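The structure under discussion appears below in the form of structure tokens.
The values are calculated or read from the model by the stated rules, or taken from the named source; none is laboratory data. Because the structure is predicted, anything quoted here is derived from the model rather than measured. Backbone-built Cβ (ideal geometry, glycine too); neighbour counts: all protein chains shown.
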Amino acid sequence: MSQRFHALEQLNQLHDGYLKAFTIDGVDLVLVQQAGQPSVLEGICPHAGHPFANSRVRGSNIRCDMHGYLFDLTSGACTYYTEGPCRALRVYAWEQQDGMIGIRL
Ligand code: FES
């Protein structure tokens with residue numbers, strides 16, 4: 001299956017604390033930046049299926065706004081939980097193209 005570049009955002013729009021959700025070909029994603037480093041992660045929290053659209057970046061993690069679980073922006077690992085451990089988020093490789101950041105799906 002061939003993969004196509006999907007632009008998500010202009011690189012010059014990214015800033016620390018940036019967080020925006022996207023759905024590309026039916027795949028929910030969230031683009032975040034912290035410490036100058038973008039990350040593209042699975043866009044739905046694996047704990048109970050809540051979208052990350054209104055979540056926040058906290059330190060080196062994304063904090064789900066439903067129950068407060070934290071997931072590492074680099075590895076996707078769940079680093080804080082309350083109701084029981086949770087699997088890691090899928091982390092997507094991102095690319096730059098013509099001033100845009102995006103992924104291949
Ligand atoms: S749904 Fe995200 S922490 Fe529970």
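The residue pairs whose first member lies in region 43-65 and is touching a residue at least 12 places away in the same chain (Cβ under 8 Å) and farther than 12 Å from V32 by Cα, whose second member is within 9 Å of the ligand (Cβ to nearest atom) and of a type in the set (V, I, T), and whose beta carbons are closer than 9 Å, counting only pairs six or more residues apart or on different chains, are H50/I44; P51/I44. In the set G68, G17, G84, only one residue is farther than 22 Å from L105 by Cα, among the small types (G, A, S) and modelled with pLDDT under 95; that residue is G84. Within the bounds of region 74-82, is there any residue that is out of contact with any Lys or Arg (no Cβ under 6 Å at 6 or more places or on another chain), among the aliphatic types (A, V, I, L, M) and under 18 Å from K20 (Cβ atoms)? No, the conditions are met nowhere in region 74-82. Look at (1) more than 17 Å from R104 (Cβ to Cβ); (2) crowded, with 18+ Cβ neighbours inside 10 Å and you find that L31 fails only one, number (1).
One line per residue, one yes/no per condition, for (1) within 27 Å of D98 (Cα to Cα); (2) within 12 Å of the ligand (Cβ to nearest atom):
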{"site": "F5", "(1), (2)": "yes, no"}
{"site": "A21", "(1), (2)": "yes, no"}
{"site": "E42", "(1), (2)": "yes, yes"}
{"site": "D65", "(1), (2)": "no, yes"}
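Determine, yes or no, whether V40 is in contact with an Asp or Glu (Cβ under 9 Å, 6 or more places away or on another chain) and crowded, with 16+ Cβ neighbours inside 10 Å. Considered against the rule, which asks whether it is in contact with an Asp or Glu (Cβ under 9 Å, 6 or more places away or on another chain) and crowded, with 16+ Cβ neighbours inside 10 Å, V40 comes out as no. The residue that is farthest from the chain's Cα centre (by Cα), counting only those in region 67-96 that are of a type in the set (F, W, Y) and either more than 14 Å from the ligand (Cβ to nearest atom) or crowded, with 19+ Cβ neighbours inside 10 Å (or both), is Y69.
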